[in-house]
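Everything below concerns the one structure shown next.
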Amino acid sequence: MAKRQFVKKICLLGDGEVGKTSLIRRYVLDLFDDQYIQTFGAKVSKKVLELEDANLTMMIWDVLGQKTQKALHTTYYAGANGALLVCDMTRPETLEHLKHWYADLHEVSGNIPIIVLGNKCDLDMKVKLEDLQGFASGIGSKLLLTSALNGQNVNEAFHALGHMTLEG
């Protein structure tokens, strides 16, 4: 019996330099590069997740992290099936800004599956874990601490979100 085929649009959102591109590169290519490359517009990567009874093609949208581009962002959010909201654990202001990223996404996409990521957890963390947990639980989201450098929880984040998009 042939496996069912699904295609889901996943957006990664958060301020510039929180590690969105690095997380995608770690997940899709299993590579890490610490050179910062600013994303202009949105870059789309593809990864196929072979599940027991289905193949899930994830179209992963790396959305530029400039908050001033709200009109542009909302066009990228259209049709999203899930999102990873990324905070840089070394920069507390990136957690504060997640509220705006979430509000803008929710306005366009409604109630889609979201996972909050506390990235760069391998470095000196300045964001309080309870604050990040409070934000995640306040929007009904799961929270994972990730590191694009060493791969901690990167596959788990994308796989969990992939499964969530198939469930609802």
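Details
- Members of 20/43; 20/46; 9/46; 43/126; 8/43 lying beyond 18 Å, as alpha-carbon distances in this model show: 43/126
- Contour minus Cα-Cα distance for residue 139 and residue 17 (0.36 nm per residue): 41.6 nm
- Percent antiparallel among DSSP beta bridges (both partners in the stretch 4-167, rounded to 5): 30 percent
- Pairwise Cα separations in the chain fall into 5 Å bins from 0 onward with the following percentages, short to long: 2, 9, 20, 23, 22, 15, 7, 2, 1, 0, 0.
- Take the Cα of residue 29, go 7 Å toward its beta carbon, and the backbone nitrogen atoms of the stretch 143-168 under 16 Å from that spot belong to 148-151.
- Working note: 222 nm ellipticity from helices only, DSSP H runs with n ≥ 4, each -39,500 (n - 2.57), summed and divided by the residues of the chain, gives -11000 deg cm²/dmol to the nearest 500.
- Our summary gives the stretch 4-167 a relative contact order of 26 percent, counting only alpha carbon pairs under 8 angstrom and 6 or more residues apart.
- Cα long-axis angle, helix 154-167 against the chain (0 to 90 degrees, to the nearest 10): 50 degrees
- Simple label model, 7 Å out from Cα along Cβ direction - residue 163 to residue 75, nm: 3.6 nm
- Gap separating the Cα centres of the stretch 7-21 and the stretch 87-135, nearest whole Å: 11 Å
- Ranked by how many other Cβ atoms sit within 10 Å of their own Cβ, fewest first, the residues 120, 8, 128 fall in the order 128, 8, 120.
- Sorted by Cβ neighbour density within 10 Å, fewest at the top, the residues 129, 23, 95, 144: 129, 144, 95, 23
- Loop exposure criterion: chymotrypsin sites (Phe, Trp or Tyr not before Pro), DSSP state outside H, G, I, E and B, at most 12 other Cβ atoms within 10 Å. Applied to the chain, the longest stretch between such sites is 41-168.
Values in this text are rule-based calculations from the coordinates and carry no lab data. All figures in this text were calculated on a predicted structure; none of them were measured in a lab. Backbone-built Cβ (ideal geometry, glycine too); neighbour counts: all protein chains shown.
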